[in-house]
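Here's the structure we're looking at; comments come further down.
The values are calculated or read from the model by the stated rules, or taken from the named source; none is laboratory data. Keep in mind that this is a model prediction, so the values were computed, not measured. Every residue, glycine as well, gets a Cβ built from its backbone with ideal geometry; the counts of neighbours run over all protein chains shown. SASA here: full protein model, heavy atoms, side chains in, ligands and nucleic acids out. Shrake-Rupley method; radii C 1.70, N 1.55, O 1.52, S 1.80 Å.
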Amino acid sequence: MSAYYSQNSEMMQDGNYLDVAGKVDSGYCLTMKPAHHIFSRRCWIFDLDGTLTVPVHDFPAIREALGMEVTDTDILRFLAELPPHEAEQRHARLREIEYGLADRTSAAPGAVRLLDRLLQRNVRVGILTRNTREIALYTLGQIGLEAYFAPEHVLGRNEAVPKPHPEGIEKLLSEWGGMPDETVMVGDYLFDLQVGRAAGTATIHVDANGAFRWPELADLAVTTLDELADVLSSD
């Protein structure tokens, strides 16, 4: 297993690891068997694009298509600051782009295995995305994962304040009767890790490149969802 644990996480402080191997790299400890208290949590919330799907988004190209400056990094904040008529036009363009990307993507490696393992354990699963719910559901249908998620547990940018605001996590946990310390947030980008931290959940960073740019925000980092499925299979 090639999962990494953050040196800055609570897991490093409470001594609750099963095993420790001493190599340290880029702020993470390598080949460390996972603590039970992440994998035993009963609520798992996933980002969608780039986490449950193979990454296909070219964000610089999307920003250019929307008329954003190079220095503008948050698409939704940029659109929210536009005059209403202009914002409506660019939101329509963004939806067009997002549907096109949904047609090009596929399920991420290990997504089916991981979701199967979680549902076998009666874990509650949901999605929190900065996309729209409509496009998220369309994407799930395109990649064959629609059966794993109840539509009401897929929250997009119109159902909650967009990530990294924690409202989406709070809404799902209210629906499930769950608590932050029972919850895992899984994602591939900064906003996913920030929203988990803001809501008080554990965070798992999925980065196929293994760069793991935000070690201070991730309790666990993996290159594929298969790594998480492997742990759940052997636990």
For this session: Given the conditions (1) assigned to a loop (DSSP other than H, G, I, E, B); (2) modelled with pLDDT under 85; (3) farther than 30 Å from residue 113 by Cβ, report the number of the one that residue 61 does not fulfil.
Result: (1)
Exercise. Which residue, of 157, 95, is at pLDDT below 95 and closer than 23 Å to residue 217 by Cα?
Worked result: 157
Problem set entry | Selection status of residue 126, free of Cβ contacts under 8 Å to residues at least 60 places away in the same chain and in the same structural domain as residue 177 (by TED's automatic domain parsing) | no
Exercise. Quick one: would you say residue 155 is in contact with a His (Cβ under 7 Å, 6 or more places away or on another chain) and touching a residue at least 24 places away in the same chain (Cβ under 8 Å)?
Worked result: no
For this session: State yes or no: is residue 134 assigned by TED's automatic domain parsing to the domain that holds residue 196, open to solvent by 50 Å² or more (accessible area, probe 1.4 Å), part of a helix (DSSP H, G or I) and without any contact (Cβ under 8 Å) to a residue 24 or more places away in the chain?
Result: yes
Problem set entry | Qualifying residue in the range 26-34 (condition: of a type in the set (A, V, I, L, M), part of a helix (DSSP H, G or I) and modelled with pLDDT under 50) | no
Exercise. Looking only at residues in the range 180-207 that are out of contact with any Gly (no Cβ under 9 Å at 6 or more places or on another chain) and among the small types (Gly, Ala, Ser), which one is nearest to residue 114 (Cα to Cα)?
Worked result: 200
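Results for (1) among the acidic types (Asp, Glu); (2) buried (at least 19 other Cβ atoms within 10 Å of the Cβ), shown as yes or no for each residue.
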{"site": "165", "(1), (2)": "no, no"}
{"site": "175", "(1), (2)": "yes, no"}
{"site": "192", "(1), (2)": "yes, yes"}
{"site": "195", "(1), (2)": "no, yes"}
{"site": "198", "(1), (2)": "no, no"}
{"site": "227", "(1), (2)": "yes, yes"}
For this session: Find the residue count for the range 162-186, including only residues that are among the small types (Gly, Ala, Ser), in a loop (DSSP other than H, G, I, E, B) and in contact (Cβ under 8 Å) with a residue 24 or more places away in the chain.
Result: 1
